[in-house]
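I have placed the structure first, in the form of structure tokens, so that the comments after it can refer back to it.
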Amino acid sequence: MIWHGHACFEIKAGYSVVIDPFIKGNPMAKILPEELEPDFILVTHAHYDHLGDTIEIAKRTGCKVIVIHELANFLKSKNILAEGMNIGGRIKIDDISVVMTDANHSSSIADSELKLYGGRAAGFVLEINGCSIYHAGDTGLFGDMQLIGDFYKPDVALLPIGGRYTMDPEDAARAVSLVRPKIAIPMHYNTFNMITQNPLDFKHRVMELCDTEVLIMEVEDILEL
Ligand code: NI
Ligand code: MN
């Protein structure tokens, strides 16, 4: 699994899966959208820093885009191969399983001057290659994260720590104590001034609460799953 900065992760395990491909406008990104060749893109919600370069990449590669129903309809109107689903639902493709989870956040599609309703914001539990990965999307802390931990037992949790629009390090550490993954990886921080955080603050807070290992990734770092 590679971190491309912000909320964008690329998982290569037979298939290539990219989550929230925000590359072009992402000051942290060290690759170009053209370098991504996914089989599937998962988008947590329609905000530009998550939908990102999805349309461009999907048009070039013909990959499938797995998103919430309303965003799927929008993408289909742009001739993208979109697979709609909704919160609590599961899509199975060969040995990959994608469950759409809740996220406490908003979602809107910026299309010309209009902002279209983008459906709910979501997270994902992706099971691939025997590994369970929880990508929380943009979210505040919520108690049902404990259910995600109980029922999906994620090996890895990818959690926003930037604050202001999502959890900050303090609440993200509380989220770790609810989800109890083996490894927690902070994301969605230091991309913009408004979400400046020290990931070590997150790590230290997690250490006080539970025995999950916190992995602070640099952009383009690889975690072997
Ligand atoms: Ni957002
Ligand atoms: Mn965001």
Q) Counting other C-beta atoms within 10 Å, which of M145, M194 has the fewest, and how do the rest follow? A) M194, M145
Q: Considering the options I19, A110, F40, tell which one lies farthest towards the positive end of the dipole of the chain, charges being +1 on Lys and Arg and -1 on Asp and Glu at the Cβ, about the Cα centre.
A: A110
**Q.** Residues I222 and D111, FRET efficiency given R0 of 45 Å [Cβ-Cβ distance, rounded to 0.05]
**A.** 0.80
Q: For region 70-143, just the Cα set please: Rg and Dmax, both in angstrom.
A: 13.7, 43
**Q.** Difference of contour (0.36 nm per residue) and Cα-Cα distance, D211 to E37
**A.** 59.1 nm
(Q) What's the magnitude of the charge dipole for the chain around its Cα centre, counting Lys and Arg as +1 and Asp and Glu as -1 at the beta-carbon? Answer in Debye, nearest 20. (A) 440 debye
Q: Scale the Cα Rg of the chain by the rule-of-thumb value 2.2 N^0.38 Å and send over the ratio, two decimals.
A: 0.93
(Q) Using Cβ counts within 10 Å as a stand-in for footprinting exposure, how do E113, E213, E208 rank, fewest first? (A) E113, E208, E213
Q: May I ask for the net charge around A7, where only other residues with Cβ less than 11 Å from the Cβ of A7 are counted and Lys, Arg are +1 while Asp, Glu are -1?
A: -3
Q: Please tell me the relative contact order of the chain in percent, rounded to the nearest whole number, where contacts are Cα pairs under 8 Å and at least six residues apart.
A: 16 percent
Q: Just subtract the alpha-carbon distance of D94 and K182 from 0.36 nm times their residue separation and send over the number in nm, one decimal.
A: 29.2 nm
Q.
Nearest 10 degrees is fine. How inclined is helix 199-209 to the longest principal axis of the chain, computing both from alpha carbons?
A. 50 degrees
Q | Label-point separation, I87 to F192 (7 Å along Cα→Cβ), nm | A | 2.3 nm
Q. Among I11, I91, what is the fewest-to-most ranking by other Cβ atoms within 10 Å?
A. I91, I11
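Read-outs: derived from the displayed coordinates by stated rules, not from any lab. Small disclaimer: the values here were computed from a predicted structure and weren't measured. Backbone-built Cβ (ideal geometry, glycine too); neighbour counts: all protein chains shown.
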